[in-house]
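The values are calculated or read from the model by the stated rules, or taken from the named source; none is laboratory data. All of these numbers come straight from a predicted model, not from anything done at the bench. Note: ideal-geometry Cβ built from the backbone for every residue, glycine included; neighbour counts use all protein chains shown.
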Amino acid sequence: MHEIKDTRRATVRIGYDGRVHKTFRGHGARERFENEVRILKYLEGKGCDFVPRLLEADPENLKIVTTNCGRRVDHLGEERIRELYAELEKYGVRHEDPYLRNVTYRIQDGRFCLIDFEFATTLEDGVGLKPPPDPAKEKQMDDKPV
């Protein structure tokens with residue numbers, strides 16, 4: 001497996017088969033795991049095709065396996081980022097962490113996709129977790145090795 005992310009909140013690896021393996025850890029890991037599973041199932045039920053598909057969920061180990069939505073995007077205009085997150089809301093979900101770090105590009109169909117739904121809320125019931133801190137502080141936290 002190829003390691004993509006290793007932070008205090010999660011480890012993300014891409015398997016040789018291309019599937020994404022995410023293990024939640026740290027503060028609120030169980031709640032974040034449960035929320036991401038709930039949101040991904042919800043979006044699949046709504047037919048949203050620009051988010052990962054949940055393939056497996058292991059509540060004992062706080063691990064999910066999803067389809068791969070492409071590579072992270074390094075640069076994208078602010079207006080386009082806003083459009084992507086607004087498009088997600090048409091499916092009834094507010095991301096709550098609407099930053100470039102959660103945008104990928106799927107080369108197979110030339111589609112920008114969204115990932116990382118730990119803090120997302122459904123617009124129907126407003127259920128979700130408290131959004132993460134300011135992105136500058138979050139970047140500092142994510143950059144610290146475990």
For this session: Show the residue pairs that are 6+ apart or on different chains and have beta-carbon atoms under 9 Å apart, the first residue being within the stretch 15-32 and loosely packed, with under 12 Cβ neighbours inside 10 Å, the second being assigned to a loop (DSSP other than H, G, I, E, B).
Result: Tyr16/Met1; Gly18/Thr67; Gly18/Asn68; His27/Arg8; His27/Arg9; Arg30/Pro59; Arg30/Leu62
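Can you go through Glu31, Glu36 and tell me which one is farther than 16 Å from Ile115 by Cα and modelled with pLDDT of 95 or more? Step through it out loud before you land on a result.
Numbers: Glu36 fails: farther than 16 Å from Ile115 by Cα.
Only one candidate qualifies: Glu31.
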Problem set entry | Meets criteria (outside any helix (DSSP H, G or I), crowded, with 17+ Cβ neighbours inside 10 Å and out of contact with any Leu (no Cβ under 9 Å at 6 or more places or on another chain)) for Asn61 | no
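Considering Ile81, Ile39, which residue is buried (at least 17 other Cβ atoms within 10 Å of the Cβ), on the phi < 0 side of the Ramachandran plot and touching a helix residue (DSSP H, G or I) at 6+ places or on another chain (Cβ under 8 Å)? Talk me through it step by step, then tell me what you get.
On the way: Ile39 fails: touching a helix residue (DSSP H, G or I) at 6+ places or on another chain (Cβ under 8 Å).
Selected residue: Ile81, the only one of Ile81, Ile39 that is buried (at least 17 other Cβ atoms within 10 Å of the Cβ), on the phi < 0 side of the Ramachandran plot and touching a helix residue (DSSP H, G or I) at 6+ places or on another chain (Cβ under 8 Å).
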Exercise. Taking the condition touching a strand residue (DSSP E or B) at 6+ places or on another chain (Cβ under 8 Å), modelled with pLDDT of 95 or more and part of a helix (DSSP H, G or I), does Leu55 pass?
Worked result: no
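For (1) in a strand (DSSP E or B); (2) modelled with pLDDT of 55 or more; (3) touching a Pro at 6+ places or on another chain (Cβ under 7 Å); (4) surrounded by 19 or more Cβ atoms within 10 Å (Cβ to Cβ), each residue gets a yes or a no:
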residue	(1), (2), (3), (4)
Tyr91	no, yes, no, no
Asp109	no, yes, no, no
Phe117	no, yes, no, yes
Gln140	no, no, no, no
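Please enumerate the residues belonging to the stretch 1-41 that are hydrophobic (A, V, I, L, M, F, W, C) and assigned to a strand (DSSP E or B).
Looking only at the stretch 1-41, we keep the residues that are hydrophobic (A, V, I, L, M, F, W, C), and these are 1, 4, 10, 12, 14, 20, 24, 29, 33, 37, 39-40.
The answer is Ile4, Ala10, Val12, Ile14, Val20, Phe24.
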Exercise. Out of the stretch 42-82, which residues are among the small types (Gly, Ala, Ser) and within 24 Å of Arg9 (Cβ to Cβ)?
Worked result: Ala57, Gly70
Exercise. If Phe33 passes every condition in (1) closer than 18 Å to Arg101 by Cα; (2) in contact with a Phe, Trp or Tyr (Cβ under 6 Å, 6 or more places away or on another chain) but one, which one does it miss?
Worked result: (1)
